[in-house]
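Working notes, structure below.
The values are calculated or read from the model by the stated rules, or taken from the named source; none is laboratory data. Quantities reported herein were computed from a predicted structural model and do not represent experimental measurements. Virtual Cβ from ideal backbone geometry, glycine too; neighbours counted across all protein chains shown. These accessible areas exclude ligands, DNA and RNA; they are computed on the full protein's heavy atoms, side chains included. Shrake-Rupley method; radii C 1.70, N 1.55, O 1.52, S 1.80 Å.
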Amino acid sequence: MQRFTGRTALITGAGSGIGQATVLRFLSEGATVIAADIVPKGLETTRQMAEKAGTAARLTTCEVDISSESSVQQQIGGAIKKAGGLHVLVNGAGILRSSHTHLTSLEFWNRILAVNLTGTFLVTREALPALLESGNGVVVNFSSTSATFAHPYMAAYAATKGGIQSFTHTIASEYAKQGLRAVAVAPGSIESGMTNDPGIPADADMSLFSKMSPAIGQGFASPDSVAGVIAMFASDDGKFITGTELRIDGGTHM
Ligand SMILES: NC(=O)c1ccc[n+]([C@@H]2O[C@H](COP(=O)([O-])OP(=O)(O)OC[C@H]3O[C@@H](n4cnc5c(N)ncnc54)[C@H](O)[C@@H]3O)[C@@H](O)[C@H]2O)c1
């Protein structure tokens, strides 16, 4: 399938996990991809994987901190300008930190909001003019099963993912008449940098994690389980889907 020939996608969180798998998937389907992340080493790994797949000629990388307004304006703004336009934005970058809510500092809370929620807003705001210019732009945001199902010790993270869901619905409505679609994926139980080290407090009550095992497969799934769904959403196969989200968790939260 070559569903993205002639289309440019900006993918954040592109140096690891689901973002990285999405970069490789979009490249394999003919897209020109701007891969953005805060960790240069991760971006280098993504480039090496694209080289192995023979698709690196359509890849550019962009080092950015999505929680910083000036970094987003300079790095993301510059990369879109250089690419000469944008058709798809995948807001994959995010962080997961866990703590007892009554012990959570304001600094900890604000950092999670700054990356996940404000970062999604900043990158979307920067990309919107080019996405609207394209006439059929698509934004794919990252919610989580944490947004609607109780995951203890993750109050700040869950709040950002609920916020991202609401943000997605709002922009879907606001820009629908200009041809923009906005959808969210709500993954769960996916192998990634984040789930390898969720930072659960040492004294956590593990009996509270009643719903962590997928009903299908052999444990956590690989990130390409989500990348394929994102590609469907962002392609013409998803042309009648907007203002909604899809849970991708192997039935963990049925
Ligand atoms: N893995 C899961 O089961 C799961 C479940 C629900 C939601 N998600 C969401 O999926 C998305 C991708 O995460 P993942 O699971 O692949 O984890 P990951 O940790 O492997 O990837 C996240 C990437 O975001 C980057 N990043 C972090 N802060 C950044 C910043 N300030 N600026 C730019 N880049 C930054 C990291 O460097 C990393 O490459 C996240 O939004 C996450 O919340 C994942």
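Scanning segment 95-111 for residues that are within 10 Å of the ligand (Cβ to nearest atom) and either out of contact with any Phe, Trp or Tyr (no Cβ under 6 Å at 6 or more places or on another chain) or farther than 25 Å from ASP205 by Cβ (or both) yields ILE95, ARG111. As a summary of the residue check, VAL33 satisfies the conditions (1) more than 15 Å from the chain's Cα centre (by Cα); (2) more than 10 Å from the ligand (Cβ to nearest atom) except for the one numbered (1). Within segment 52-70, track down each residue that is within 16 Å of the ligand (Cβ to nearest atom) and either in contact (Cβ under 8 Å) with a residue 60 or more places away in the chain or open to solvent by 20 Å² or more (accessible area, probe 1.4 Å) (or both). Within segment 52-70, THR60, THR61, GLU63, ASP65, SER67, SER68, GLU69, SER70 qualify. Considering every residue within segment 124-140, establish whether at least one is within 12 Å of the ligand (Cβ to nearest atom), at pLDDT 95 or above and small (Gly, Ala, Ser). Taking every residue of segment 124-140 in turn, none turns out to be within 12 Å of the ligand (Cβ to nearest atom), at pLDDT 95 or above and small (Gly, Ala, Ser).
Test LYS177 against the criterion of being open to solvent by 20 Å² or more (accessible area, probe 1.4 Å), among the charged types (D, E, K, R) and out of contact with any strand residue (DSSP E or B) (no Cβ under 7 Å at 6 or more places or on another chain), and give yes or no. Against the criterion (open to solvent by 20 Å² or more (accessible area, probe 1.4 Å), among the charged types (D, E, K, R) and out of contact with any strand residue (DSSP E or B) (no Cβ under 7 Å at 6 or more places or on another chain)), LYS177 qualifies. Residue check: is LEU117 on the phi < 0 side of the Ramachandran plot, more than 15 Å from the ligand (Cβ to nearest atom) and either hydroxyl-bearing (Ser, Thr, Tyr) or open to solvent by 20 Å² or more (accessible area, probe 1.4 Å) (or both)? Against the criterion (on the phi < 0 side of the Ramachandran plot, more than 15 Å from the ligand (Cβ to nearest atom) and either hydroxyl-bearing (Ser, Thr, Tyr) or open to solvent by 20 Å² or more (accessible area, probe 1.4 Å) (or both)), LEU117 does not qualify.
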